[in-house]
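Only one structure is covered here, and it is reproduced in the block below.
Please treat every number below as a calculation from the coordinates, not as lab data. Small disclaimer: the values here were computed from a predicted structure and weren't measured. Here the Cβ positions follow ideal geometry from the backbone for every residue, glycine too, while neighbour counts run over all protein chains shown.
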Amino acid sequence: MKHTEKELQALKDEVTQMWKLVLSQLEKAKQAFLANDIELAREIATREKRVDAFDLKIDSDCENYIALYNPVAIDLRLVLSLIKISNTLERIGDFSEGIAAHVIADDCTKIDAQVIEDLQIEQIFDLLISMLSDSFVALEAENTRISGKIIAKDEEVDRLYREAVTILSEWIVNSGEQNIQKVRCALKLMLLIRKLERIGDHCSNIVEEIVFYIDAKVLKHGGK
């Protein structure tokens, strides 16, 4: 293996480690929210510093690689994609920490269980975890055939997000109470679901970077 190939593999290995950490953060965020597990949420908040550290190191290492080896064609696309993917993973880590902060606050635990079920929050989490896992497989296998399937899951997340607005609005109105705490909790829950919707967008962005690297195609902004 050439020296430059070893350096490229080292960069990919760093991104792999970061990816696994962020996926773990998202899985733990799901567990913490559904079980209202404050200790697990605090663990997520603590581990966020590791996510940030990965992002900074990958940025630096990719910049050094470009400066030292002046890559072209597919190698350059890979390094540029890894920079953007690590930045996007860091944002997903931030949103996971935001979900953990919602659990740690522990001030809105009395929302009806039926409302939580109607919002299908567990299903949204599962879609996001699947998107992040599948996109990792696509990069590892250097195969973009499942990119459409992954992006379709983001469309499902968007649909559930739009439905959540209606469900929470009706819950507030139909309660028959002018309860400021109930309204506040509904708004906080809406903000949490918005974080989940943004994670879906970021997963789609990762898929776009993988397609750019492997197929040299630009999907961003509807490009063909």
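The table for this structure:
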item	result
Rounded to whole Hz, the Karplus (6.51, -1.76, 1.60) HN-Hα couplings of region 47-52, x for glycine and proline	6, 4, 4, 5, 4, 4
Choice from Gln123, Gln31, Gln181 showing the highest fluctuation, given a GNM over the chain with Cα pairs closer than 10 Å	Gln181
Projected label distance in nm at Asp158 and Asn36, using a 7 Å step from Cα toward the beta-carbon	3.4
Built amide H within the under 5 Å cut-off of Lys217, gap 5+	Phe212
Estimated Rh, region 85-143: Kirkwood, alpha-carbon pairs, angstrom	13.7
Region 3-222: Cα Rg divided by the 2.2 N^0.38 Å rule of thumb	1.13
Across Lys20/Lys49; Lys12/Lys153; Lys6/Lys84; Lys20/Lys84, pairs whose alpha-carbon gap is larger than 19 Å	Lys12/Lys153; Lys6/Lys84
In Hz, Karplus ³J(HN,Hα) per residue of region 196-213 (6.51, -1.76, 1.60; θ = phi - 60°; x = Gly, Pro)	5, 4, 5, 4, x, 4, 5, 4, 5, 4, 5, 4, 4, 5, 5, 5, 4, 5
Residue list for region 19-51, given a label point 7 angstrom along the Cα-to-Cβ vector of Ser133 and an amide N cut-off under 18 Å	19-34
From phi via Karplus (6.51, -1.76, 1.60), per-residue ³J(HN,Hα) for region 186-191 in Hz, x at Gly/Pro	5, 5, 5, 5, 5, 5
Selected from Ile85, Leu127, Trp171, residue furthest toward positive end of dipole (the chain; charges at beta carbon)	Ile85
Whole-Å distance, taken between Cα centres, linking region 40-76 and region 100-151	23
Full-stretch length increase - Thr109, Asn64 - with 0.36 nm per residue and alpha-carbon distance subtracted	11.4 nm
Neighbour-limited loop hits for trypsin sites (Lys or Arg not before Pro), region 21-116 (at most 10 other Cβ within 10 Å; DSSP other than H, G, I, E, B)	Lys110
Nearest-20 debye value, the chain charge dipole, Cβ charges on Lys, Arg, Asp, Glu	320
